[in-house]
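A.B. asks: Encoded as structure tokens, here's the structure I'll be asking about.
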Amino acid sequence: MLQIDQLKTRVLIVSRSEPNPYHGSTMHMEDLIRCLKSHGCEVHYLALCAPSRVELSRSSVDTAYFPEAGEFVPGPFDALTQDGEDRAVQKICRKILPAVVIADYSWMGGLYDGAYFRENPAVRKIIFVHDLRVRIMPSYVKMGLLKSEDNPWTDALEGRLLAKADVLLTLNEEDKRTAARLAPKVRVLKMGMSVTPRYVDPAATVPGRCIYVASNLSENLFAVMWLLQHVWPRVLAADRSASLIICGSICDQIRMLIDAGGGVLGDLDALNVGIEGRKDDLHPYYASAEIALVPHWMMGGIKIKHLEAIASGLAVVCTPAGADGLPDAIGYSALEAEMPPEFADHIIRLMREGEVLAGLRRNSRDLALKLTPDAVYREVIDYLQAM
């Protein structure tokens with residue numbers, strides 16, 4: 001059998017986001033791109049969005065394309081595909097003749113109804129399922145961010161979209177099982193996201209320091225409000241030396257809440273909470289912490305903030321959703337709890353029991369060494385090798 005690194009497999013990725021190795025879900029895609037490139041693939045990227053000032057040279061893609069006038073119609077990120085998008089995809093496919101096309105998210109599955117794919121059935125059609133809407137949308141309802149009657153996503157709708165692909169790439173076992181149920185005739189693979197272990201200077205650590213990192217999304221604001229209102233006061237009542245730093249663009253929303261008044265988050269100075277904002281380099285902030293907090297309620301995918309904590313050798317306290325995609329972490333490098341008292345108790349225990357904290361941090365470093373590209377993308381690489 002030919003190895004993929006003996007071939008030059010041309011891959012086209014189609015997304016509504018620009019290739020960006022430093023932002024949200026595009027970090028997942030960039031990690032996959034780097035792995036594909038390391039195994040000899042030629043990777044092209046069609047971004048079905050208006051170009052911004054993002055420096056595309058930071059990405060590993062060989063070539064990036066953007067739609068022409070009339071091919072891009074702004075709309076909801078998870079809207080079904082439009083005719084202009086379909087035309088843009090078919091034009092690029094006819095130009096570069098990819099062997100593999102990867103659509104980003106399940107709602108992009110409609111692209112595979114295009115004439116190009118009917119005319120070229122040998123082209124492998126893949127959907128990267130970062131998360132399933134039928135799992136995520138009920139989470140939004142639970143958090144009060146969406147009314148149940150406003151949720152358009154059903155098993156039948158998502159199943160029809162997923163069924164248009166040859167292969168689905170999922171990030172955790174529950175997504176994989178659900179995708180297989182929704183589209184039983186489609187092959188479903190599980191992958192993850194690799195991490196690069198980072199050296200952390202022990203002298204930089206602040207005893208009792210916790211860290212929370214998040215982008216400017218509504219589900220992250222819900223998580224930080226849950227943490228600050230229901231968990232952190234319990235921690236501080238047990239140990240006044242505890243401190244929490246919050247990094248990322250979520251700090252913009254936190255500051256807006258503070259400026260609006262009402263004290264919904266409490267007195268953050270009195271709570272020993274520092275709002276650091278978005279940082280180009282998070283390494284010093286991870287280095288200062290002992291425990292990373294992942295208090296999330298949105299099911300699906302895999303949480304990048306949990307992976308970054310593992311890469312920096314931190315102990316993690318998380319909710320079940322915060323552990324999605326990382327089952328080996330629970331009880332090994334992370335402690336899991338769903339309710340505020342238990343979540344707080346885990347943090348307090350790690351602050352008081354140094355040996356337990358040190359053990360989880362050692363295990364976190366050990367787990368980081370196992371999350372290599374070849375390990376987390378093995379099923380994907382094996383599939384491409386067998387083409």
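The values are calculated or read from the model by the stated rules, or taken from the named source; none is laboratory data. Bear in mind that the values here come from a model prediction, so they are computed numbers and not experimental data. Positions of Cβ are backbone-derived with ideal geometry, glycine not excepted, and every protein chain shown enters the neighbour counts.
A.B. asks: Kindly evaluate residue 196 against the criterion of being of a type in the set (Val, Ile, Thr) and either in contact with a Cys (Cβ under 6 Å, 6 or more places away or on another chain) or within 30 Å of residue 288 (Cα to Cα) (or both).
C.D. replies: Working: of a type in the set (Val, Ile, Thr): yes; either in contact with a Cys (Cβ under 6 Å, 6 or more places away or on another chain) or within 30 Å of residue 288 (Cα to Cα) (or both): yes.
Yes.
A.B. asks: Here is a further query. Which one of these is surrounded by fewer than 19 Cβ atoms within 10 Å (Cβ to Cβ) and either within 27 Å of residue 44 (Cβ to Cβ) or aromatic (Phe, Trp, Tyr) (or both): 152, 121? Give the derivation first.
C.D. replies: Working: 152 fails: either within 27 Å of residue 44 (Cβ to Cβ) or aromatic (Phe, Trp, Tyr) (or both).
After applying the criteria, what remains is 121.
A.B. asks: Could you check segment 298-387 for helices (runs of 4 or more DSSP H) lying wholly inside it with 1 or more residues that are surrounded by fewer than 14 Cβ atoms within 10 Å (Cβ to Cβ) and in contact (Cβ under 8 Å) with a residue 12 or more places away in the chain?
C.D. replies: Values: elements: 304-311, 340-352, 354-370, 373-376, 378-385.
Of the helices (runs of 4 or more DSSP H) lying wholly inside segment 298-387, those with at least 1 residues that are surrounded by fewer than 14 Cβ atoms within 10 Å (Cβ to Cβ) and in contact (Cβ under 8 Å) with a residue 12 or more places away in the chain span 340-352, 354-370, 373-376.
A.B. asks: In segment 53-76, is there at least one residue being outside the structural domain of residue 303 (by TED's automatic domain parsing), modelled with pLDDT of 90 or more and in a helix (DSSP H, G or I)?
C.D. replies: no
A.B. asks: Please go through segment 111-142 and give me each residue that is closer than 17 Å to residue 95 by Cα and among the small types (Gly, Ala, Ser), ordered by number.
C.D. replies: 114, 115, 122
A.B. asks: Quick check on segment 309-319. Is at least one of its residues in contact with an Asp or Glu (Cβ under 6 Å, 6 or more places away or on another chain) and aliphatic (A, V, I, L, M)?
C.D. replies: No, segment 309-319 contains no residue that is in contact with an Asp or Glu (Cβ under 6 Å, 6 or more places away or on another chain) and aliphatic (A, V, I, L, M).
A.B. asks: Can you report the number of residues in segment 253-280 which are of a type in the set (D, E, K, R) and either surrounded by 15 or more Cβ atoms within 10 Å (Cβ to Cβ) or touching a residue at least 12 places away in the same chain (Cβ under 8 Å) (or both)?
C.D. replies: Quick first cut of segment 253-280, residues of a type in the set (D, E, K, R) only: 255, 259, 267, 269, 276, 278-280.
Pick out the ones that are also either surrounded by 15 or more Cβ atoms within 10 Å (Cβ to Cβ) or touching a residue at least 12 places away in the same chain (Cβ under 8 Å) (or both) and you get 255, 276, 278-279.
Looking only at that region, the number is 4.
A.B. asks: Also, I was wondering about something else. Would you call residue 100 in contact (Cβ under 8 Å) with a residue 60 or more places away in the chain and under 27 Å from the mean Cα position of the chain (by Cα)?
C.D. replies: Values: in contact (Cβ under 8 Å) with a residue 60 or more places away in the chain: yes; under 27 Å from the mean Cα position of the chain (by Cα): yes.
The answer is yes for residue 100.
A.B. asks: Among the helices (runs of 4 or more DSSP H) lying completely within segment 137-252, list those that include at least 1 residues that are touching a His at 6+ places or on another chain (Cβ under 8 Å) and touching a residue at least 40 places away in the same chain (Cβ under 8 Å). Break it down into steps so the answer makes sense when it comes.
C.D. replies: On the way: elements: 155-162, 173-182, 218-226, 232-238.
Here the list reads 218-226.
A.B. asks: Would you call residue 257 part of a helix (DSSP H, G or I), of a type in the set (A, V, I, L, M, F, W, C) and not assigned by TED's automatic domain parsing to the domain that holds residue 135? Working first, answer last.
C.D. replies: Numbers: part of a helix (DSSP H, G or I): yes; of a type in the set (A, V, I, L, M, F, W, C): yes; not assigned by TED's automatic domain parsing to the domain that holds residue 135: yes.
Spelling it out, residue 257 is indeed part of a helix (DSSP H, G or I), of a type in the set (A, V, I, L, M, F, W, C) and not assigned by TED's automatic domain parsing to the domain that holds residue 135.
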